[in-house]
1. Just the residues that are modelled with pLDDT under 95 and farther than 23 Å from Thr55 by Cβ, please, taken from the range 122-138.
2. Of all residues in the range 240-264 being hydrophobic (A, V, I, L, M, F, W, C) and within 11 Å of the ligand (Cβ to nearest atom), which is surrounded by the most Cβ atoms within 10 Å (Cβ to Cβ)?
3. Test Glu220 against the stated conditions and say whether it is charged (D, E, K, R) and within 11 Å of the ligand (Cβ to nearest atom).
4. May I ask you to list the residues in the range 140-163 that are of a type outside the set (Ser, Thr, Tyr), surrounded by fewer than 15 Cβ atoms within 10 Å (Cβ to Cβ) and either assigned to a helix (DSSP H, G or I) or without any contact (Cβ under 8 Å) to a residue 40 or more places away in the chain (or both)?
5. Looking at the range 53-82, which of its residues are within 7 Å of the ligand (Cβ to nearest atom) and in contact with a strand residue (DSSP E or B) (Cβ under 6 Å, 6 or more places away or on another chain)?
6. Restricting attention to the range 61-101, which residues are farther than 30 Å from Ile253 by Cβ, among the basic types (Lys, Arg) and part of a helix (DSSP H, G or I)?
7. Examine the range 90-102 for a residue that is more than 25 Å from Tyr230 (Cα to Cα), near the ligand (Cβ under 7 Å from one of its atoms) and open to solvent by 20 Å² or more (accessible area, probe 1.4 Å), and state whether such a residue exists.
8. Pairs needed: first member in the range 194-206, open to solvent by less than 90 Å² (accessible area, probe 1.4 Å); second member anywhere, outside any loop (DSSP other than H, G, I, E, B) and of a type in the set (Val, Ile, Thr); C-beta distance under 7 Å; at least 6 residues apart or different chains.
Amino acid sequence: MSAQNNPLKENPAQNKNGRAGWFQTSSADCADVRKANGSPWRLVLLGAPGVGKGTQADLLDQRLHACHLSTGDLFRAASKQKECDQSPAMKAAMDHMRRGELVPDATVWEMVRERTDCIRCSSGFVLDGFPRTLGQAESLKQLMESEKIPLSAVVNYELPLAEIVARLSGRRTCEKCKAVYHVTGQPPKVEGVCDRCGGRLFQREDDRPESITVRMAAYERSTAPLIQFYKSLGLLVSITATGSPDEICARTISALETRTKIAV
Ligand code: AP5
């Protein structure tokens, strides 16, 4: 992606975490490689659309110093490219996304594979929104085995459907730094303006009711089976996603630490 079309690159003040490197493919240097204390955390976050994976990935990024890597962010950034710069596969991916459907595995894998350096990064990573199908999970497993990089854990966030829909319908996202707000739960100080960078807040196209229904069905059909997949690999950590984002993050870290102590 060119700097011109890269929303994070346009605003160097926001280029402070590994998300910038993730946006620019593996040829880019990570803007802020922070060395983790001890072994780096390499996490996958699972859970239905709107459960709060992105919010938790941001908090875990700050607290565990592992970069937040979101495939949804990659596709949203790609959708800002001029149409003539988009490949046919990417145009098709944008159509899937607008309707709330999953992007085909081959397109997703191409984008992730181009960023293998982010997976190798010594700071670790928090994968948000990937893998989302058994095929993607198998591809990730093979890549990590060939790189001899073990996953630390897979965190599965659980929340009743009614609360998920309320979270999604009130979500607002910063067009520049991707910070996420909620109109009532986590409002910005000034309505419509990002607290972090002053960017404009917008409502995602796929947060319309008709797309939400399609996304939930895609989750049940394609992503929920990953819970059993990772359980059978002994990696699954289930977390109740009720309470404030800070409470959920503390619950996550405590569960991860307990798991690490047991494994030692
Ligand atoms: P993606 O961006 O990954 O969307 P998603 O999985 O649907 O997840 P969301 O971003 O909607 O929700 P979230 O769980 O991150 O919740 P958030 O923290 O924002 O993917 C979008 C699309 O891209 C897909 O539909 C697909 O088309 C495509 N795609 C991406 N990856 C793909 C892949 N691997 N394969 C195929 N296709 C792929 O929180 C939601 C709201 O709740 C916010 O307003 C937030 O402020 C609020 N909130 C969060 N926590 C709390 C809390 N504790 N209390 C109250 N409110 C809270």
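The values are calculated or read from the model by the stated rules, or taken from the named source; none is laboratory data. Note that the coordinates shown come from a computational prediction; the quantities given were computed from them, not determined experimentally. A quick note on method: Cβ atoms are made from the backbone with ideal geometry, for glycine too, and the neighbour counts reach across all protein chains shown. Areas reflect the complete protein model, heavy atoms only, side chains present, ligands, DNA and RNA absent. Shrake-Rupley method; radii C 1.70, N 1.55, O 1.52, S 1.80 Å.
1. Scanning the range 122-138 gives a single hit, Ser122.
2. First pass over the range 240-264, keeping only residues hydrophobic (A, V, I, L, M, F, W, C): 241, 248-250, 253, 255-256, 262-264.
Pick out the ones that are also within 11 Å of the ligand (Cβ to nearest atom) and you get 241, 248-249.
On the way: Ala241: 27, Ile248: 21, Cys249: 22.
Residue satisfying both the conditions and the ranking: Ala241.
3. On the way: charged (D, E, K, R): yes; within 11 Å of the ligand (Cβ to nearest atom): no.
Here the answer is no, as Glu220 does not meet what is asked.
4. Once the filter is applied, which keeps residues that are of a type outside the set (Ser, Thr, Tyr), surrounded by fewer than 15 Cβ atoms within 10 Å (Cβ to Cβ) and either assigned to a helix (DSSP H, G or I) or without any contact (Cβ under 8 Å) to a residue 40 or more places away in the chain (or both), the range 140-163 yields Gln142, Glu145, Glu147, Lys148, Pro160, Leu161, Ala162, Glu163.
5. Lys53, Gly54, Thr55, Ser70
6. Let us first name the residues in the range 61-101 that are farther than 30 Å from Ile253 by Cβ, namely 78-101.
Narrowing the set further to residues that are among the basic types (Lys, Arg) leaves 80, 82, 91, 98-99.
Selection gives Lys91, Arg98, Arg99.
7. The initial filter retains those residues of the range 90-102 that are more than 25 Å from Tyr230 (Cα to Cα), namely 90-99.
Next, from what is left, pick out any that are near the ligand (Cβ under 7 Å from one of its atoms): 96-97.
Applying the additional criterion that residues be open to solvent by 20 Å² or more (accessible area, probe 1.4 Å) yields 96-97.
Within the range 90-102 (the criterion being more than 25 Å from Tyr230 (Cα to Cα), near the ligand (Cβ under 7 Å from one of its atoms) and open to solvent by 20 Å² or more (accessible area, probe 1.4 Å)), the answer is yes, since at least one residue qualifies.
8. Sorted first by the residue in the range 194-206, then by its partner, the pairs are Leu201/Thr173; Leu201/Val193; Phe202/Thr173; Arg204/Thr173.
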